[in-house]
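First the structure, in the form of C-alpha cells, and then the observations on it.
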Amino acid sequence: MSLPPFQKVPSLKEIADALDLSVTTVSLALNGRGKTVGLSDATISRVLQHARQSGYSPDPRARSLRTRRSNVVGVLFPHLRHDWAQTILDGMADILEERRLVPFLANHRGDPRREAAEIASLVQRQVAGILC
C-alpha cells in the first residue's frame, strides 16, 4: 500500500492572498464568526469553497497559541503490558474524541522520578488535563 503524495496545506495568509482578502477576513469566515462581524454571505462562501478545494485545515499549534489551550490530555501509565492498558485506552479515546481532545501517552515505567518529570513536562506543555 502506497501513501498519497504529500500536499502542502495552505496557510490563512496564502488563502487570503489568493482571494485578495485580509487574513482577518479569512480567519473570521473559517471560524464561523464572519456573519457576526458583517461579512457577506458571498465572501464567506468564497472563503469556505477555496479552503475546501485547497485542502486547508486549521493548524492546531496556531490555534493553541491563540486560545491558550492545547486540547491534549496527558495519559500517564506505569507500564503498557497486558490487555488492561488497551482496554483503558480504548475507553479514554472514545470519551476524549467526543470532546475533541487528543491523548498524549507517557510511560514512566514505575520510576517515581520519571513520573514526576513526565508530569512536569505535561504541565509545561499546557495540556488540558493529566490522567494517571
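The values are calculated or read from the model by the stated rules, or taken from the named source; none is laboratory data. On a predicted model such as this, the values are computed, not experimentally measured, just so you know. Neighbour counts are summed over all protein chains in view; Cβ atoms, including those assigned to glycine, are modelled from backbone coordinates with ideal geometry. Ligands, DNA and RNA are excluded from the accessible area calculation, which covers all protein heavy atoms including side chains. Shrake-Rupley method; radii C 1.70, N 1.55, O 1.52, S 1.80 Å.
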Within the stretch 1-94, DSSP-loop chymotrypsin sites (Phe, Trp or Tyr not before Pro) with at most 14 other C-beta atoms within 10 Å are 6
Dipole in debye (nearest 20) - the chain, about Cα centre, beta carbon charges: Lys, Arg +1; Asp, Glu -1 | 400 debye
Computed over the chain, protein heavy atoms only, probe 1.4 angstrom, the accessible area per residue in square angstrom equals 74 Å²
Quick calc, the stretch 72-132, dipole around Cα centre from Cβ unit charges on Lys, Arg (+) and Asp, Glu (-), nearest 20 debye, gives 280 debye
Under a point spin-label approximation (7 Å from Cα along Cα-to-Cβ), what is the residue 99-residue 81 distance to one decimal in nm?
-> 3.1 nm
Sites residue 92 and residue 68, calculated FRET efficiency, Cβ-Cβ separation with R0 30 Å, nearest 0.05 = 0.80
With a point put 7 Å past each Cα toward its Cβ, work out how far residue 109 is from residue 20 in nm, to one decimal.
-> 6.1 nm
Here the FRET efficiency for residue 11 versus residue 128, based on Cβ atoms and R0 = 30 Å and rounded to 0.05, is 0.75
Quick one: length gained pulling residue 59 to residue 45 fully straight, 0.36 nm per residue minus the C-alpha distance?
-> 3.0 nm
